[in-house]
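The values are calculated or read from the model by the stated rules, or taken from the named source; none is laboratory data. Keep in mind that this is a model prediction, so the values were computed, not measured. Glycine also receives a Cβ, built like all others from the backbone with ideal geometry; neighbour counts cover every protein chain displayed.
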Amino acid sequence: MNRDLYGKLIFELSHQGRRGFSLPRNEFPAYEIPAGLRRETPLGLPQVDEPTVVRHYTNSSNNNFGVDTGFYPLGSCTMKYNPKINDEMAADPVMSRLHPLQPQSTTQGALKAYYTLQQMLSEIGGMAEFTLNPFAGAHGELTGLMTIHAYHDSREDWARTKVIVPDSAHGTNPASAAVCGYEIVEVKSMADGTVDVADLKSKLGPDIAAMMMTNPNTVGMFEKNIPEIAKAVHDCGALMYYDGANLNPMLGVARPGDMGFDVMHINLHKTFSTPHGGGGPGSGPVGVRAGLEQFLPNPRVVKNADGTYSAICDDSALGRISSWIGNFAVDLRALSYILSLGAENLKMVGPLSTLNANYIMHALRDLYLLPIEGPCKHEFVFDGLADKSTGVTTLNVAKRLLDFGFHAPTIYFPLLFHESLMIEPTETESRETLDAFIAAMRQIAKEAAETPDLVKDAPHNTPISHPDDTEAALHPVVTWAELN
Ligand SMILES: *Cc1c(COP(=O)(O)O)cnc(C)c1O
């Protein structure tokens, strides 16, 4: 709901007969629309002049917050800057006007783009082959688990009905495993946030199909015991699944394939820069190690001996998981991003995103409670303010940040701590932006001690201050008619 500069909704500015458009003269005869197909009441659209319409949409867009507006340290979501050249490439009519079912002899450029991206992701992930078909991270997880299921099936190993997921995992991990028909076995984290290997070993056996892991994990810690974990899981006949939704810290540093993972997905919309606020669009390519390629879904894009490219469907175990080959425009953005950075600069993403996160962590750890010691990777978690006597919560801090022009970090996730405040600055932010954010966070901690109500009543500068979250999610009122 957007009010104009004088506090009015566009509906309240409506005047009977006022117009914001003019149509060309109608040169066709008039036809009556059959009575049964006609509206019984007129459509309740506001009747306003053109400047009012333009201001309505311009002001609405100004109420939105995005990476192009300001710093967006939303942990686990990798809200990095998305270079505009990616959008230009994806919008090029040469690519955007293709039809998926055109003869493949006329879509060689697009197929080459798919193939090249598959090859690059395989190199980046240390995998043998990638499919670009899945539409999102969670869809990639499901596809990857279906691949693992198909692998065990092909060996007639039907006793494997369970998937192990650490308690720190992203919620989509257990959800995807459940959708794939698996029972979830939870493995505990130790005090430093990493997997408890002893607890894991006690849960391994002939009934385990796979172990799902994120590394660095959801609290931003690198799983140092990964070789031992991978060996133990493989020794019991299960496969290792890597949740590579946030591959940022890994770029230029390590590859999941080299750590012993068999199957992985990557969120192109996070690490490889597609704008992804509000739930889309996304792409969750799945990679597999050598020996598992035949279980990937149809269609697969391959390079033929004569140098041409084909999208082929074979009797693969999975069949199709998408209508065609994934979200082409997101794939093009990722390809453009990788090519424009080049190998050298791509290798700087991991170190720089890690440096930025540690810089903020050290500048704030005297005022905010750091539950896990040690250098973090691309993100870290505070357990709220260090001084718990003020009654100021993580929610209050997050809302007060909006007054300073920053997007709030991820809050109350992961579930390991009561007051989780999860910060991921990404590599694309300047030192000045990080310093301004640190200054705001320090100011809020000071206010919490001196004038706690100022923080508890925040935000003070936004169009809406304190909606009832539950009510807004369950019964959103988004139409004028209902407002009346
Ligand atoms: C974002 C995320 C996902 C889910 O990705 P979607 O594209 O939102 O489905 C899975 N795992 C982790 C660790 C994530 O950060």
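The figures follow:
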item: Any hit, the range 433-453, residues being part of a loop (DSSP other than H, G, I, E, B) and either over 26 Å from the mean Cα position of the chain (by Cα) or not polar (S, T, N, Q) (or both); result: yes
item: Residue within the range 149-163 that is part of a helix (DSSP H, G or I), within 16 Å of the ligand (Cβ to nearest atom) and within 30 Å of Ala329 (Cα to Cα) present; result: no
item: Pick from the range 384-414, criterion within 20 Å of the chain's Cα centre (by Cα) and in contact (Cβ under 8 Å) with a residue 40 or more places away in the chain, ranking: farthest from Ala448 (Cα to Cα); result: Pro414
item: Flag for Glu432 being touching a Cys at 6+ places or on another chain (Cβ under 8 Å) and closer than 22 Å to Tyr359 by Cβ; result: no
item: Single residue of Ala232, Ala209 found to be more than 16 Å from the ligand (Cβ to nearest atom), among the small types (Gly, Ala, Ser), more than 24 Å from the chain's Cα centre (by Cα) and part of a strand (DSSP E or B); result: Ala209
item: Entirely in the range 272-317, the strands (runs of 3 or more DSSP E) that have 2 or more residues that are β-branched (Val, Ile, Thr); result: 286-288, 300-303
item: Top-ranked residue of the range 118-142 - restricted to ones that are under 19 Å from Asn173 (Cβ atoms) and not aliphatic (A, V, I, L, M), ranked as nearest to the ligand (Cβ to nearest atom); result: Gly137
item: Helices (runs of 4 or more DSSP H) contained entirely in the range 65-134, each with at least 3 residues that are surrounded by 12 or more Cβ atoms within 10 Å (Cβ to Cβ); result: 84-91, 108-125
item: The range 170-183, residues that are at pLDDT 95 or above and either part of a loop (DSSP other than H, G, I, E, B) or more than 15 Å from the ligand (Cβ to nearest atom) (or both); result: Cys180, Gly181, Tyr182, Glu183
item: Hits in the range 360-372 (condition: surrounded by fewer than 16 Cβ atoms within 10 Å (Cβ to Cβ) and assigned to a helix (DSSP H, G or I)); result: His362
item: The range 4-33 residues that are assigned to a loop (DSSP other than H, G, I, E, B), paired with ones that are of a type in the set (D, E, K, R) and at pLDDT below 85 (beta carbon under 6 Å, 6 or more apart); result: none
item: Residue match in the range 304-313 (condition: without any contact (Cβ under 8 Å) to a residue 24 or more places away in the chain, more than 16 Å from the ligand (Cβ to nearest atom) and in contact with a Pro (Cβ under 9 Å, 6 or more places away or on another chain)); result: yes
item: Residue match in the range 326-333 (condition: within 19 Å of Thr426 (Cα to Cα) and of a type outside the set (Gly, Ala, Ser)); result: yes
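So that you can scan it fast, the table gives a plain yes or no per residue for (1) charged (D, E, K, R); (2) surrounded by 15 or more Cβ atoms within 10 Å (Cβ to Cβ); (3) more than 21 Å from Leu142 (Cβ to Cβ):
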| residue | (1), (2), (3) |
| --- | --- |
| Phe261 | no, yes, no |
| His265 | no, yes, no |
| His269 | no, yes, no |
| Ser273 | no, yes, yes |
| Gly287 | no, yes, no |
| Val301 | no, yes, no |
| Gly307 | no, no, yes |
| Gly319 | no, no, no |
